[in-house]
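Okay, so here's the structure we're looking at.
Computed from the coordinates by the stated procedures, all read-outs in this text should not be read as laboratory data. From a predicted model like this one, the values you see are computed outputs, not experimental measurements. Because the Cβ atoms are built from the backbone with ideal geometry, glycine has one as well, and the counts that use them run over all protein chains shown.
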Amino acid sequence: MIRTITWQNNTVVMIDQKRLPREECYLTCHTHREVIAAINDLTIRGAPAIGIAAAMGIALGMLEAPDNSPSVFRETFDALCREFQASRPTARNLFWAVERMKALFDRISHPDAPFDAAALRQILIDEAGKILEEDIACNRKIGAFGAELIRDGDAILTHCNAGALATGGYGTALGVIRTAWEQGKKIQVFVDETRPVLQGARLTAWELMRKQIPATLITDNMAGFLMSRGKIARIITGADRIARNGDTANKIGTYTLAVLAKEHGIPLYIAAPTSTVDPAMLDGSAIPIEERDPEEVTTWGGRRVAPEGITVFNPAFDVTPARYITAIITEEGVSRPPYDFTLPGN
């Protein structure tokens, strides 16, 4: 199994996704700032994975917190939480993980309790490990529920990467596909390349080939053509944040697929853990959309592919309205509209 991120000897070790598929290598982070840099530059990406990275990064940062002052220990922790929350704005799982670590810290650092820095650090390390292991178990449940929606012989379109690399090690959308394949269903996967940084071409295709699941790579602008020819039976994607009403933020281009799917009568499924659901967001209009470096669009592989001086707009995500989403698959089951009432976490 691909282990996207692990805690090893008081370091955070993660597979370097920027270097896939050319080479499989790992980055060892010795400080929390190295973890934040890895989140920012997409060494690690995918909402569940960066949530795990944030939890481990906080635990890593607390190894350097002072032993002799409870107040400074607390100040250090609060500063770490703020730094990680500022790293990427859209993925709900990052904020969920930080909030979980904060809630734990509040419980274990009661003013009336004796101050034991070593014990507090170990509890935070253990909690980050629990978040990782719970994510893998959660994804397997998502896979089991979602596989019930897959028929033998289906051709499935997926967008971006919502596999082991985007999670603790199994996958959400690709977890559904993996489970269906492991059940013996004969399926075919069409993989959107997913511009501008090609998470589909580089990462999803790599994962599917490792599992020997039949896959065909297409450019993003081929999807509508395949739908019009009856080549796609269903679409499954992950999610970075899901609003209370079911509106879903996912990799840029998902909204386009959703509109095309509606036109062609193709079901669109979202696979994500309940930690991606944000009930504080009443609808998708409130979801913050990250804008990334223009060089992701103007260059590739270190070479410029656009003229100097061109204006670039590079939002990393778009929002698919709930009316285009057939169902949302979480570890608690399959939710269908109206999501305000059926979606776990609301």
For the chain, what proportion of DSSP beta bridges, expressed in % and rounded to the nearest 5, is antiparallel? 55 percent
Shape of segment 151-342 from its Cα gyration tensor (a ≥ b ≥ c, root eigenvalues): rounded if a/c is under 1.5, otherwise prolate when a/b > b/c, or oblate? oblate
Which ³J(HN,Hα) values in Hz, rounded to whole numbers, follow from the phi angles of segment 93-101 under the Karplus curve 6.51 cos²θ - 1.76 cosθ + 1.60, where θ = phi - 60° and Gly and Pro get x? 4, 4, 5, 4, 5, 5, 4, 5, 5
Tell me the Kirkwood hydrodynamic radius of the chain in angstroms, computed as one over the mean inverse distance between distinct C-alpha pairs. 20.5 Å
Only Lys, Arg (+1) and Asp, Glu (-1) charged, at Cβ; the chain dipole about Cα centre in debye: 1160 debye
Given H placed on each backbone N at 1.01 Å, which residues far from Ala215 in sequence or on other chains put an amide H within less than 5 Å of it? Val189
Low-density loop cleavage sites - trypsin sites (Lys or Arg not before Pro) in segment 254-346, where at most 11 other Cβ are within 10 Å (DSSP): none
5 Å is the cut-off here: which amide hydrogens, built 1.01 Å from N in the peptide plane, fall below it relative to Ala327, excluding neighbours closer than 5 in sequence? Leu268, Ile270
Over segment 151-342, what relative contact order in percent results from Cα pairs under 8 Å that are six or more residues apart? 21 percent
Built amide H within the under 5 Å cut-off of Arg234, gap 5+: Ala155, Leu157
Enumerate the residues in segment 19-63 having an amide nitrogen under 16 Å from the point lying 7 Å beyond the Cα of Thr299 toward its Cβ. 19, 41-43
Highest mean first, how do 280-290, 200-210 rank when packing is the count of other Cβ atoms within 10 Å averaged over residues? 200-210, 280-290
per DSSP, antiparallel bridges as share of beta bridges in segment 151-342, % nearest 5, sits at 40 percent
What distance in nm separates the simple spin-label points at Asp106 and Gln183, each placed 7 Å from Cα in the Cβ direction? 4.0 nm
